[in-house]
Amino acid sequence: MKREHSIAGMSILLALLPTGSVVYMGGLCYPTHSSSIVCMGLVILFIGLYAACFVRTDRFRFALPDLFAGIVAIVAAGCYLKYPGLLSLGSLCLPVLYAGIRRVGKIYPFFLLCGTAITLVLLSLYGYLQYFRLLPSHSSYFPVTGPYHNPAVYAGVMAILQSVLVPYLGVAFRCRQRKGTVRGIIAAVLLAVPVLLLTEARAAWVALGVSVAYTFFYAYRYTCASFFRKYRRAILCAAPVILLSGGLVCYQLKPHSADGRLLIWKVSLRMIKEKPLTGFGINGFPANYMFYQARYLAAEGTAYERYLAGDTHLAFNEPVRIMVEYGLGGILFYLLFVGWLLTFPAKWNVVSHTARTVLLTMLVWGLFAYPFRVFPVMVFSTVVLACLANQCKPLRVFHCSFSRAFAAFLFLGSALLGCLGASTMQAYYRLQALARQPAADVRELDTLRPLMKGEPAYGYICCLLPDRQKQDRLLKERLDAYIHMLPSPAAFVWKGDVHRRLKEYEEAEAAYKKASEMVPALQAARGRLTFLYHDLGREEEALRLAEELLTEKVKVYGFDTHALRLKLKKTFEGKLNNCFTKKSNAYEKK
């Protein structure tokens, strides 16, 4: 195949890639999480096979980004081997995507821009339909989530897509390029802005604002430099005021959310102090954070922090997460990549400028969110990093024999990942079938373990089936394994219930207390502890907890809270102090 044809074919496949982020496949387990992984992963495998079979080249230009990509590929392989699952398998597909783009050596940006603009329009329409209640939201707390489970992910994906289009507009306005394309891209960007505002996702707003500012200043850098020299004093005085005002506005929009992030980072710093060099390893943050939060809140947390604390397994800051999991080496690698991104010399064109802008947007969003848990963002970042590597000066050029070996490796890797993907999807559908069968053989779940060990859904269903069948001894073992991977207050409450049924009251009390320490505002754990004390004849402790539960302020007064308070009043009728009962009744009327 001629080189021009192979480049055009690869460009068309890359244009199809963003549309996978719009798809919602309701038949999948956790479809808001897995739909984009399945669709985009399938396109990635086609890209890998296409690059291996139809792209002809007699050399490979090795550049510094290839070294970064190689290290990330090794980490992705380690993640899959330790915690196999759909997201880790999708992460393992990213090196194939990177290698395919690097093998072709060049893409036509027009195709990628069109695919990105179409995807942005589709995502925007999805949000408008949800806002006007023509499509259901995938969250009971937020009206607009797109095809995802919460608006933060939706807004982050849209911000990344807009950061692909905005740099092209900056270049187009300066160079007066294709008016029809420019008008279409402007329409797509403007259509997405109101939806982005409806999400109230401040991290995405900040990231997109940085990308727009970077695009503007870079496109008009000489004009901006002369303007700065002329009004330096006024700019230096006004800039801090503008930044502080913007930060204050973002904080006031959701102060509890901002304070919650500060609490997470404060606890994470204590984790870093404990293992600063080696970190906690792969999946170390979600597997350990809740224990450290419980320890901090019990020892020195304020009343506001205990009210604020929630059940989370996300750091909401990628440098913090990397430092917690991979220690000093991980954060140095991250900082080295950021430094290279900001300073490397490359030939200026629309591809290199767009790639740098997208990566900068992802890094800024990663200061307040979790881009490496959002598969579409990981895919877009991989694409632009590979495009950027194609623009870099090579460190070494490998010729014909290496290129053939590289093509064979790419073909075998794509085929192997395709087989793993097919097996994983079969395991997913089998897991769903077992979850619908109350009398299913629990031991059959063990056959799925090699492919699904790292999936939270798998761990949950491994506990759900023994619970339905009243196999409490087996359930206790499965809960221990589930808690080891993903500890949560709900899992400890579940564990306490099992110990209570087995008449292991000390273990039940410890489990309920641990759940309460993790999230003090969670009333379910203390409610169960109250009834446990009542059954054991420890009335004084039971009454103290009952009075506390009936009078304290709760985050969300829902049906569960109402049912718990009715049960407490019925159980301890006549024993509670009248003043506490009056306070509880007054609070409920509010």
Exercise. Can you find a residue in region 34-50 that is crowded, with 22+ Cβ neighbours inside 10 Å, modelled with pLDDT of 85 or more and more than 27 Å from Y428 (Cα to Cα)?
Worked result: no
Exercise. Quick one: what pairs do we get from region 441-470, first residue touching a residue at least 60 places away in the same chain (Cβ under 8 Å), second among the basic types (K, R), C-beta under 9 Å, 6+ apart or different chains?
Worked result: K453/K82; G454/K82; Y458/R449
Exercise. Looking only at region 83-114, which residues are in contact with a Leu (Cβ under 8 Å, 6 or more places away or on another chain), of a type in the set (F, W, Y) and modelled with pLDDT under 90?
Worked result: F111
For this session: Give region 28-68 a look and list any residue that's part of a helix (DSSP H, G or I) and either of a type in the set (F, W, Y) or within 20 Å of L395 (Cα to Cα) (or both), or say none.
Result: F46, Y50, F54, L64, P65, D66, L67, F68
Problem set entry | Flag for Y141 being assigned by TED's automatic domain parsing to the domain that holds Y251, over 28 Å from N349 (Cα atoms), of a type outside the set (S, T, N, Q) and crowded, with 24+ Cβ neighbours inside 10 Å | no
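Counting residues that are basic (K, R), which helices (runs of 4 or more DSSP H) fully inside region 186-299 reach at least 3? Can you show your working first?
Values: elements: 202-219, 221-230, 232-253, 255-274, 284-299.
Passing ranges, in order: 221-230, 255-274.
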Exercise. Regarding I71, is this residue in contact (Cβ under 8 Å) with a residue 12 or more places away in the chain and either touching a strand residue (DSSP E or B) at 6+ places or on another chain (Cβ under 9 Å) or in a loop (DSSP other than H, G, I, E, B) (or both)?
Worked result: no
Problem set entry | Unmet requirement for R261, which otherwise passes all of (1) within 18 Å of L314 (Cα to Cα); (2) free of Cβ contacts under 8 Å to residues at least 40 places away in the same chain; (3) charged (D, E, K, R) | (2)
Exercise. Which residues, taken from region 300-315, are closer than 21 Å to F280 by Cβ and in contact (Cβ under 8 Å) with a residue 60 or more places away in the chain?
Worked result: A309, G310, D311, H313
For this session: Could you list, in sequence order, all residues of region 525-552 that are in a helix (DSSP H, G or I), under 17 Å from E506 (Cα atoms) and not small (G, A, S)?
Result: R526, R528, L529, T530, F531, L532, Y533, H534, D535, E539, E541
Problem set entry | Pair list, Cβ < 7 Å and 6+ apart or interchain, from region 382-398 residues that are of a type in the set (F, W, Y) to residues that are part of a loop (DSSP other than H, G, I, E, B) | F398/R59
Exercise. Restricting attention to region 2-13, does a residue exist that is under 26 Å from Y154 (Cβ atoms), touching a Phe, Trp or Tyr at 6+ places or on another chain (Cβ under 9 Å) and in contact (Cβ under 8 Å) with a residue 24 or more places away in the chain?
Worked result: yes
Problem set entry | Hits in region 128-151 - residues which are part of a loop (DSSP other than H, G, I, E, B), under 23 Å from V38 (Cβ atoms) and within 19 Å of the chain's Cα centre (by Cα) | S137, H138, S139, T145, G146, P147, Y148, H149, N150
Problem set entry | region 314-355 - residue that is of a type in the set (F, W, Y) and either modelled with pLDDT of 90 or more or part of a helix (DSSP H, G or I) (or both) and, of those, surrounded by the fewest Cβ atoms within 10 Å (Cβ to Cβ) | W340
Seminar exercise, completed: By residue number, the members of region 388-408 that are out of contact with any Phe, Trp or Tyr (no Cβ under 7 Å at 6 or more places or on another chain), loosely packed, with under 13 Cβ neighbours inside 10 Å and modelled with pLDDT of 80 or more are K393, A405, A408
Exercise. How many residues are of a type in the set (A, V, I, L, M, F, W, C) and touching an Asp or Glu at 6+ places or on another chain (Cβ under 8 Å) if we restrict to region 62-86?
Worked result: 1
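Regarding L125, is this residue within 30 Å of A73 (Cα to Cα), assigned to a helix (DSSP H, G or I) and not small (G, A, S)?
On the way: within 30 Å of A73 (Cα to Cα): no; assigned to a helix (DSSP H, G or I): yes; not small (G, A, S): yes.
Considered against the rule, which asks whether it is within 30 Å of A73 (Cα to Cα), assigned to a helix (DSSP H, G or I) and not small (G, A, S), L125 comes out as no.
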Problem set entry | helices (runs of 4 or more DSSP H) within region 424-488 that include 3 or more residues modelled with pLDDT under 85 and surrounded by fewer than 17 Cβ atoms within 10 Å (Cβ to Cβ) | none
Exercise. Of all residues in region 518-564 being over 39 Å from the mean Cα position of the chain (by Cα) and among the hydrophobic types (A, V, I, L, M, F, W, C), which is surrounded by the most Cβ atoms within 10 Å (Cβ to Cβ)?
Worked result: A542
Seminar exercise, completed: Pairing a residue in region 229-248 that is over 25 Å from D259 (Cα atoms) and in the same structural domain as L367 (by TED's automatic domain parsing) with any residue that is modelled with pLDDT under 80 and not polar (S, T, N, Q), where Cβ atoms lie under 8 Å and the two sit 6 or more apart in sequence or on different chains, gives I235/F228
Problem set entry | region 61-100 - residue that is of a type outside the set (G, A, S) and over 25 Å from the mean Cα position of the chain (by Cα) and, of those, farthest from F337 (Cα to Cα) | R61
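The values are calculated or read from the model by the stated rules, or taken from the named source; none is laboratory data. This one's a predicted model, so the numbers in the text were calculated from it and none came from an experiment. Quick reminder, even Gly has a Cβ in these numbers, built from the backbone with ideal geometry, and neighbours come from all protein chains shown.
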